[in-house]
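Visitor: Here it is, the structure, as structure tokens.
None of the figures in this text is laboratory data; all of them are computed from the coordinates on show. Since we're looking at a predicted model, the values are computed, not measured. Note that each Cβ is placed from the backbone with ideal geometry, even for glycine, and that neighbours are counted across all protein chains shown.
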Amino acid sequence: MAYRAVLFDIGGVLTVSPVTRIINYCTENAIPDETRFAIFGPEDGPWSCFERSELDRDGFAAAFDAHVRGCGTMATGSVFMDWFFKGFEPRPEMLAVVEALRPHYKLAAITNNVARDEPTQRRTSGLDAHSLFEVVVESAIVGARKPEPRIFEIACEMVGVEPHEAVFLDDLGANLKGARALGMTTIKVDHTTSAIDELERVLGMTLPRVDVAAK
């Protein structure tokens, strides 16, 4: 297979996982698992609607408050938003891979993000994704979110490739399944370097390994 493009998720791939951090935030703030899931899990839930810009920041904060009412938590939607938009630490080992691929492949980022009116870097987990990629497809801007097929189609159209010519990396299995259904080759990212190993195998090229522990 001759690939022409490599597409990256942002949170959980190029930065540490917002999903993990949200879980930890809810645990630390006495928000029960069932309440957390009601806010962040369903495709028609507050967070998913926020990612498609069907809710604005104030609308999401109000929905958050309605869900946590009665939980005994001191957290509010406004406080959660302030915490979330501080961003998440970058993963230098994955950013090094992006730089290594730049001369050889078309590159893009696809992200489920929120609040289209926030500054660009705040919308992309604190990462300046627009300086790393010529194409950044944001759910809050295009009105579709992973794993919906349309967001992957938009990314391929913007990059100028067919889905079968692209490799997509994400940390969530549901997102990978959506991309794979369109014919994209997919790689699951975890906290190890296994995704780099797999991408190296798929592309048939040597990729850098950054020693994060030495940083």
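Visitor: In nm, to one decimal, how far is the modelled label at Asp44 from the one at Ala96, with both set 7 Å along Cα→Cβ?
Guide: Computed distance between label sites Asp44 and Ala96 equals 4.7 nm.
Visitor: Take Ile141 and Leu207, extend 7 Å from each Cα along the Cα→Cβ direction, and tell me the distance between the two endpoints in nm.
Guide: 2.4 nm
Visitor: Considering only Phe37, Val212, Phe50, whose Cα is most displaced toward the positive end of the charge dipole of the chain, charges sitting on Cβ of Lys, Arg (+1) and Asp, Glu (-1)?
Guide: So the residue furthest toward the plus end is Val212.
Visitor: Just how far, in whole angstrom, is the range 172-203 from the range 70-103 if you go by their alpha carbon centroids?
Guide: 21 Å
Visitor: Can you compute the charge dipole magnitude of the chain about its Cα centre, using +1 on each Lys and Arg Cβ and -1 on each Asp and Glu Cβ, nothing else charged? Give it in debye, rounded to the nearest 20.
Guide: With Lys and Arg at +1 and Asp and Glu at -1, about 220 debye.
Visitor: So what's the range 18-84 giving for Rg/Rh, alpha carbon basis, Kirkwood Rh from the mean inverse pair distance?
Guide: We get a ratio of 0.92 for the range 18-84.
Visitor: Work out the length of the dipole vector of the range 84-210 about its Cα centre, built from +1 on the beta-carbon of each Lys and Arg and -1 on the beta-carbon of each Asp and Glu, and round it to the nearest 20 debye.
Guide: Taking the Cα centre of the range 84-210 as origin, the dipole is about 200 debye.
Visitor: Taking neighbour Cβ counts within 10 Å as the exposure measure, how do Ser131, Ser139, Ser48 sort from fewest upward?
Guide: Ser131, Ser48, Ser139
Visitor: Now a separate question. Explain nothing, just the number: dipole magnitude of the range 96-136 about its Cα centre with +1 on each Lys and Arg Cβ and -1 on each Asp and Glu Cβ, in debye rounded to the nearest 20.
Guide: Dipole about the Cα centre, nearest 20: 80 debye.
Visitor: Summing -39500 (n - 2.57) over the DSSP H runs of n ≥ 4 in the chain and dividing by its residue number, what mean residue ellipticity at 222 nm do you reach, to the nearest 500 deg cm²/dmol?
Guide: Dividing the helical sum by the residues of the chain leaves -12000 deg cm²/dmol.
Visitor: May I ask for the net charge around Gly160, where only other residues with Cβ less than 13 Å from the Cβ of Gly160 are counted and Lys, Arg are +1 while Asp, Glu are -1?
Guide: -3
Visitor: Lysine pairs in the chain 8 or more apart or on different chains: how many have alpha carbons under 23 angstrom apart?
Guide: Eligible lysine pairs with Cα atoms under 23 Å apart amount to 8.
Visitor: Please report, in cubic angstrom per residue, the volume enclosed by the convex hull of the alpha-carbon atoms of the range 102-181.
Guide: Roughly 92 Å³ of hull volume per residue.
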